[in-house]
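Report on the structure given below.
Taken together, the values in this text are just the output of simple stated rules run on the coordinates, not laboratory data. Given the structure is predicted, the values throughout are model-derived calculations rather than measurements. So basically every Cβ, Gly included, is an ideal-geometry build from the backbone, and we count neighbours across all protein chains shown.
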């Protein structure tokens, strides 16, 4: 199918408005990357101190800490997504370093693989060619189905399945690196590896069997960066307060991050009237109060309609873009949910009698 229709900023914004919206700061994106890690340190460190003070206080605080750390892990994925669009820093080398090492590596993502994948999503949003179509096509779903998804996320089943697929590919890539095998060799002599597609945040998705040694090697390097970050978190944890901060970090990565990531993905496109002709229908914006911004919508990720309309607008300018669109009378063309609770009611419907 043809690519979806793009918005024309010059027909919506004045020249000075557009210049302000698309200005990429030299410090804002880097500050947000630092902010995410500082929040992780404060949350995990504070919870560890509560455990030292009294085990009951630590026990009560830990679920809250795990939820908040999962949100910051999503935040790191969002900032990697910003880097994929070249919006984390105006200098490409700094932008790519921050997207690869400061943000993406923490959740097992590769900036460059994700960039190609994600731009395809923008070009063919909700069309058959959209690699993210599977994230929204199943909705609306039943409460029972949603409950099963939540249980899989919060019990670590989703994490284990995704990491298992990713690590299997990485093992094949490592063997290819050690043996010197390449994709230029006859297929009969190659290892059969599983390609690991990335979801909208760059997290590993469900693998599909393919013969792709170059892709497997990239996955090996991605897993290597992921493990280095986990070792760094562990080393800092042990060198300061003890094992508790690392345990909160890794449990959050395996549980709350998975659920928050799922709800974020659902919010963006599920049950929208997306089509190729109206760029205002490509995605949903969800209003978020302070609690939601601390959990499901860090770093303005809830302004997804605005992001699809204008890929060149950094995340910290999306609220301004939203305000301008509303002021200019575009509200009726946009898909907007008043809350995440309203959104979940929209995508979860009982089976008809």
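At a glance:
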| read-out | value |
| --- | --- |
| Fewest-first sequence of 217, 8 by Cβ atoms within 10 Å of each Cβ | 8, 217 |
| Cα gyration tensor shape for the range 1-157, rounded if a/c is under 1.5, else prolate or oblate | oblate |
| Burial ordering of 112, 89, fewest other beta-carbon atoms within 10 Å first | 112, 89 |
| Largest-first ellipsoid semi-axes for the chain, taking √(5λ) over the Cα gyration tensor eigenvalues, angstrom | 31, 27, 22 |
| Shape call, the range 96-166: gyration tensor on alpha carbons, a/c limit 1.5 | oblate |
| Sequence-separation-based contact order of the chain, relative, with Cα cut under 8 Å and 6+ spacing, percent | 24 percent |
| Cα-based shape type of the range 9-68, given that a ≥ b ≥ c are square roots of the gyration tensor eigenvalues and the cut on a/c is 1.5 | prolate |
| Label-to-label distance, nm, for residues given as residue 336 and residue 278 (7 Å Cα→Cβ offset) | 1.5 nm |
| Pairwise FRET efficiency - residue 148 versus residue 27, Cβ, R0 = 45 Å, nearest 0.05 | 0.55 |
| Highest-MSF residue in the chain out of 79, 111, 291 [GNM, Cα springs under 10 Å] | 291 |
| Neighbour-count order for 218, 333, fewest beta carbons within 10 angstrom listed first | 333, 218 |
| Protection proxy ranking, peptides 226-233, 144-151, average beta carbon neighbours within 10 Å, highest first | 226-233, 144-151 |
